[in-house]
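The values are calculated or read from the model by the stated rules, or taken from the named source; none is laboratory data. If you're wondering where the values come from, they're calculated on a predicted model, not measured in any experiment. When we count neighbours, we look across all protein chains shown, and the Cβ atoms used for this are built from the backbone with ideal geometry, even at glycine. The protein model used for the area step is the full one, side chains on, heavy atoms only, and it has no ligands, DNA or RNA in it. Shrake-Rupley method; radii C 1.70, N 1.55, O 1.52, S 1.80 Å.
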Amino acid sequence: MRPGPPREGCSVLFSPRGSNKSKIIFVLGALLAVFQLFAPVYLTELLDIQFRAVHVAFGLSIALLHFPFLKKKDDDAQEEGISLFDALLVAVLIAANLNAFLKAMDIYMGTSGATLLDRSLGVALMLLVLESARRTVGAAIPIMVVVLMGYIYTGDAFPGMWKLRGINFQYVIDSLSYSPLGIFGSVTGMSATFISMFIIFGSLLSATGGGKTFIDIALAITGRFTGGPAKAAVVSSALFGSISGSSVANVMVTGNYTIPLMKRLGYRPEFAAAVEAIASSGGGITPPIMSITAFMMAEFLNISYFHIIGYALLPCLLYYTGVFSGVHFRTVRMGIDKLPSEEIPKWSDILTLERMAGLVIPTGLLLYLIAKGQPLQLAGFYACISALGVFLLVGVVKKKVRETFRLILSALSEGGRDVAQIVPILVSVSMLVNLIGITGIAPKISGVILQVGGTNIYLSLAIATAVPFLLGTSLPVVPTYVLSVSILVPPLLRLGIDPVAAHLFFIYWAILGGVTPPTCTAAVAAAGIAKADWVKTGFFAVRLGAVAFILPYFFALNPALVGRASMTSILSHGATGLVGAVCIAYGLFSHRDSPFLNLLICGAFVIGGLLLLFPQTLFSVAGLAVTGAAFLVDRKLFPVVHSSHRQNSVSH
């Protein structure tokens, strides 16, 4: 159905025309997915800038069409018309990237330098990158670019070490748009290669019904125990998050099933939504796939991704131990029982070839190839091809070949569209990283951290937290991580913090921004499903994730918690850390009728749990003593776990 006449106040330039936008985006998404799958492996004669130019043109075109300049008030993003303005932007975008494609060798060699046309197209491309980022994730990234550009041109007026001299307009424009830095820099290179490959891989796994399979596995494991639905939300979100890497996508897939189930069995909407939000956020640090930040971390540190999986394992266990324990103690306090047996899926229905082959074979092949030392890009390619092969084989066996082809095409298109949503973000971040280098702001901030923190590692970590925490509440995980690493890792390394621990420190804080008010995107998405107050949901999620919020400090102080120590140290500190996580959760979610005793016992468990996470043996012994004494007092005064007061304490 064609849109009606232009809305009042809208010029003809901005009015949507035609009725084929969704079809165009569908086709472009599928073409982008096919290009990203095969071009890195078979079109190796392309120069890096040429490959990145095609990637930028494709990705930004889809983003500009999918997110129109003017949206309806009801935010119906799927309006079927394309405005003349957006069509013109896409045309300019293609022209600018075609210019970069044709002049790639000159950009590398610098034989003739940029002409007036090159710079004009370069400025246009910069503006289009920022506009597409604004449409995709809001104004935060464009504002940062504008602030840094403003700093470049007003830097001469700044005092002391913040003073800048001698940077002209042409140099900045050329560096951003006519060089292997800036728009076509290394971050864009990551986006164009293994990041896109693994986003498409996640889409292919999801298309096999991976989300529902993970939910059924989680219900089969936890459904027979107290608070089964909430625990199933934690387990299924961890499982699905390990292949999706997106907290909001995780919420939308698993939350649409688990949140209504939790509400039906008696959980408050805010708590049900908070469980899903904090559990889904942890998917980004859950092996084996984790999020694209983990692949970037492997690239930055130049170490095998297989090692990253090992380093992330213990922090992931501590994260989910804290969340799972919080859910359990809250459930016991509320008196909510297990799931009815007729609603628990049977293992015989889950562990079928049809349901498991599409998950196990591609993921197993991916891990095998990574373990054998294959490049991430090549391992991802073969994993995607195996997923497609399994897909087709199952379709042939079920005699649903035509339907399977349609499903594959839909999965590829969805993967391409998912890639297109991340392209504006990463290209903008590539510009930011280049501007950070031009201004020299990273060593200046490092100097401030070292000056203020001095040799006090605790104060330095607290200062370093501010940047990823503030960025993470307004930006997605990837730009938050990349910007934090660009600015803040060097001073932490100079203070003696392990490189792996430093990178994981910023990944965690970038992820936790998704559940932290005021933005808390994962909490907002979960609250929408639960029809709950998103502010209460956000604060409930923070409380459930208390261990996650303190964990980055402890593995920064203690490399054993990220597997960077002897096996004895890893096992001993891991064991005390797990006990500490349970104790903190018990202190936060248990309840007694006596306010004084409740505060005293809960406080003792929280303090004891924190001591158990410290690296020194003396602190661990003190933590065991405190929690042991608190446990004995609790059992003496309250021999039954508050069973007579469960229903009365639900409102607390």
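Taking the Cβ of Gly59 as the center, what net charge do the other residues with Cβ under 13 Å away carry, scoring Lys and Arg +1 and Asp and Glu -1?
Around Gly59, the charge tally is +2.
Whole-Hz Karplus ³J(HN,Hα) for the stretch 575-591, in order, using 6.51 cos²θ - 1.76 cosθ + 1.60 and θ = phi - 60°, x for Gly and Pro?
Karplus values, whole Hz, x for Gly and Pro: 5, 5, x, 5, 4, x, 4, 5, 5, 4, 4, 5, x, 8, 10, 7, 8.
Please list, or write none, the lysines whose alpha carbon is within less than 17 Å of the alpha carbon of Lys163, excluding same-chain residues fewer than 8 places away.
Qualifying lysines at Cα under 17 Å: Lys444.
Which lysines have a Cα lying under 26 Å from the Cα of Lys400, excluding residues fewer than 8 positions away in the same chain?
Within the straight-line cut-off, Lys400 pairs with Lys23, Lys212, Lys346.
What's the carbon and sulfur percent of the stretch 402-538's accessible surface, probe 1.4 angstrom, rounded to a whole number?
64
Label the stretch 42-193 by shape, choosing from rounded, prolate and oblate, from the square roots a ≥ b ≥ c of the eigenvalues of the Cα gyration tensor; if a/c is under 1.5 it is rounded, and otherwise prolate applies when a/b is larger than b/c, oblate when it is not.
Verdict is oblate for the stretch 42-193.
Summing Lys, Arg as +1 and Asp, Glu as -1, what charge do residues with Cβ under 15 Å from the Cβ of Asp174 carry, Asp174 excluded?
0
Over the C-alpha atoms of the chain, what are the Rg and the largest Cα-to-Cα span, Dmax, in Å?
So, for the chain, Rg and Dmax equal 25.9, 84 Å respectively.
Where only protein heavy atoms count, and the probe is 1.4 Å, what is the accessible area per residue for the stretch 498-652 in Å²?
Averaged over the residues of the stretch 498-652, the accessible area is 42 Å².
Nearest 500 deg cm²/dmol is fine: what mean residue ellipticity at 222 nm does the chain get from its DSSP H runs of n ≥ 4 alone, each adding -39,500 (n - 2.57), divided by its residue count?
For the chain, the value works out to -24000 deg cm²/dmol.
Using +1 at the C-beta of Lys and Arg and -1 at the C-beta of Asp and Glu, which of Ile436, Ala466, Ala523 has the Cα lying farthest in the positive direction of the dipole of the stretch 371-525?
Ala523
Count charges around Asp634 for me, please; just the other residues with Cβ under 15 Å from its Cβ, Lys/Arg as +1, Asp/Glu as -1.
+3
Solvent-accessible area of Ser186, probe 1.4 Å, all protein chains present, reported in Å² to the nearest ten, please.
Ignoring ligands and nucleic acids, Ser186 comes out at about 70 Å².
Measure nothing fancy, just the Cα-based angle from helix 521-530's long axis to the longest principal axis of the chain, in degrees from 0 to 90, nearest 10.
60
Provide the packing ranking of 169-177, 192-200, 248-256, i.e. peptides ordered by the mean count of other C-beta atoms within 10 Å per residue, highest first.
192-200, 248-256, 169-177
Where does helix 116-137 land angle-wise versus the long Cα axis of the chain, in degrees 0 to 90, nearest 10?
30
Once you order the gyration tensor axes a ≥ b ≥ c over the Cα atoms, which shape class does the stretch 166-230 get: rounded for a/c under 1.5, otherwise prolate or oblate by comparing a/b with b/c?
Here the stretch 166-230 falls in the prolate category.
Which FRET efficiency value, to the nearest 0.05, do you get for Val146 and Met105 by plugging their Cβ-Cβ distance into 1/(1 + (r/R0)^6) with R0 = 41 Å?
0.80
If I ignore ligands, DNA and RNA and count only protein heavy atoms, how much of Trp509 is accessible to a 1.4 Å probe, in Å² to the nearest 10?
10
If you average the sequence gap of Cα pairs under 8 Å that are 6 or more apart and divide by the length of the chain, what percent do you get for the contact order?
17
Among the lysines, select those whose C-alpha is under 17 Å from the C-alpha of Lys21, and discard any that sit fewer than 8 residues away in the same chain.
Once the sequence-local lysines are set aside, what remains near Lys21 is Lys71, Lys72.
Just want to confirm a number: the relative contact order over the stretch 281-399, from Cα pairs under 8 angstrom separated by 6+ residues, in percent.
Reported as a whole number, the value is 23 percent.
Just to verify a number: what accessible area does Ile422 come out at with the full protein assembly present, 1.4 Å probe, Å² rounded to tens?
30
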